[in-house]
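Here's the structure we're looking at; comments come further down.
Laboratory data are not the source of any read-out in this text; all were calculated from the coordinates shown. Model, not experiment: these values are computed from the prediction. Don't worry about glycine lacking a Cβ; one is built from the backbone with ideal geometry, like all the others, and counts go over all protein chains shown.
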Amino acid sequence: MKPPLPLPISVDDFDRALPAMRVDLENEWYNLECLSLDEQLDAGGGSGSASPDAGLYGGMPRIDSKAVSKASPIVERHLGCKLPLDVIRRGGYNSFDDVMADLTTKLRGRCKPATTANPQRSEPGQSQTNA
């Protein structure tokens, strides 16, 4: 089996991109793709009765692994690469927080090592010599 491909982003850049990516994933993907119609109505102040554990689908995960793959364009916008399908947990997830905890750990682990700060960094045209 081949080792997983690293992401083209450093851990530092990943950490900076994560808060905005999380917001966009929740607003642009999860709220539209993963909430039931009843949950969407309830969230928007409409009427409806959400019961995700009722009936035929009672024991299934709330978020199917295939649904997670639809979030790839949002991940790509923030990280510069598509969501690697092999990081998505087979069997799905129980909540948005469950998705984020799992994917964050796996994606961060594929990033390039953190860059070290350069205390001698100067603006163009400035000398780096100490007086």
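Arrange the following residues from fewest to most other Cβ atoms within 10 Å of their Cβ: Leu83, Leu103, Leu32.
Numbers: Leu83 19, Leu103 22, Leu32 11.
The order, fewest Cβ neighbours first, is Leu32, Leu83, Leu103.
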Spelling it out for Ile9: with amide H atoms placed in the peptide plane at 1.01 Å from N, the residues 5 or more places away or on another chain with amide H under 5 Å from its amide H are Lys112
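Could you calculate the contour length gain from Asp15 to Glu76, that is, 0.36 nm times the residue separation minus the distance between their Cα atoms, to one decimal place in nm? Numbers along the way, then the final one.
Numbers: separation 61, 0.36 × 61 = 21.96 nm, distance 1.49 nm.
Length difference between fully extended and current span is 20.5 nm.
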